[in-house]
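Nothing in this text is a laboratory measurement; each read-out follows from the coordinates by a stated rule. Since the model is a prediction, treat every value here as computed from it, not as a measurement. We place every Cβ from the backbone using ideal geometry, glycine too, and count neighbours over all the protein chains shown.
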């Protein structure tokens, strides 16, 4: 009992400080003031097709991203691989593995990557290229744990290592995600979810590209133009995000189900917004999805999402393979296509 109360109060304290930090600057968007923004890219065609309204659903391995408390509800071992052709010819990839371990709880492992092809190094003196190439990329590696505290209430935590690299510079950080899922008897079994993501250290680029050679003082004996110095770069906060969501089945028959969901998001680098989503399923085999992302955010690009998914038992009777696709409208930017393959065994 005391352990349960300690966990609940700890979560409330974390959520309180996260919300207070975000609401104190709600009249300022603070866009572009955080590092590691790849952590905000939605994972999984299932969730993306529903407009990102997935915090209270979290019913597959992508719960490692959306709400780690949801992994405690997964009855089988589950793996997922996600690939997205992201903006500006970059590639976004995610891999996750969930391992239910009975009374011990559920473990999860995740890997996130944002990568790009090599680019030519250009300078003012050599606009056609110096003959060198550079690249940039981001990764995050997470270890998760979730468990049921009651039959209706589950909780989860993720600790993740984050690294960003560009040419000879890199920045690293550590962050924690926390999430809860609570199932109710209201409105046909409404589920409530809440998460806080990327609560962690600031990040600062370091490396040899910030090193310069200067002359300190012409009046001093031995002064020369090759005295090494380093530029002191600023530190940047992680994209802290608080979300709360609800979902329920408007239709829940043997053959057809209609799932409706809504999430409210409070980031530290933008205004508050909402995500809305719906999923129509036929015999738990075919899934049609639609949603709208960043509703009430005036300066967002696009927002409409569409998706489709299929479950298959082709390999073994106890193994389920799932294929999902999602389309996301980004307005004036390139539209995004998301492909996901999941397996339960």
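Expressed in nm to one decimal, what extension gain is obtained for the pair residue 202 and residue 104 from 0.36 nm per residue of sequence separation less their Cα-Cα distance? The partial results should precede the final answer.
Working: separation 98, 0.36 × 98 = 35.28 nm, distance 3.27 nm.
Full extension from residue 202 to residue 104 adds 32.0 nm.
How fast does the chain diffuse by Stokes-Einstein, in µm²/s, taking the Kirkwood radius from C-alpha pairs at 25 °C and 0.890 mPa s?
Numbers: Rh = 21.8 Å.
Answer, rounded: 113 µm²/s.
Just to be sure I understand the model, the point goes 7 Å from the Cα along the line to the Cβ. What's the resulting residue 298 to residue 219 distance in nm?
Placing both labels 7 Å along Cα→Cβ, they lie 5.6 nm apart.
Going by a ≥ b ≥ c, the root eigenvalues of the Cα gyration tensor, does the range 101-184 fall in the rounded group (a/c under 1.5), the prolate group (a/b larger than b/c) or the oblate group?
prolate
Using Cβ counts within 10 Å as a stand-in for footprinting exposure, how do 122, 147 rank, fewest first?
Taking fewest neighbouring Cβ atoms as first place, the list is 122, 147.
Can you give the calculated 222 nm mean residue ellipticity of the chain, where each DSSP H run of n ≥ 4 adds -39,500 (n - 2.57) and the sum is split over every residue, rounded to the nearest 500 deg cm²/dmol?
-2500 deg cm²/dmol
So for the pair residue 88, residue 230, with labels modelled 7 Å out along Cα→Cβ, what separation do we get in nm?
In this crude spin-label approximation the distance works out to 2.6 nm.
I need 203, 274, 283, 50 ordered by Cβ neighbour count within 10 Å, fewest first. Could the numbers behind the result be given before it?
On the way: 203 22, 274 18, 283 10, 50 32.
Exposure proxy ranking, most exposed first: 283, 274, 203, 50.
Cut-off is 10 Å between beta-carbons; in what order do 337, 168 appear when sorted fewest neighbours first?
Least crowded to most crowded, the residues run 168, 337.
With a Förster radius of 22 Å, plug the Cβ-Cβ distance of residue 286 and residue 335 into 1/(1 + (r/R0)^6) and report the FRET value to the nearest 0.05.
Computed FRET efficiency for residue 286 and residue 335: 0.40.
What is the calculated FRET efficiency for residue 128 to residue 151, with r their C-beta to C-beta distance and R₀ = 45 Å, to the nearest 0.05?
With a Förster radius of 45 Å, E is 0.10.
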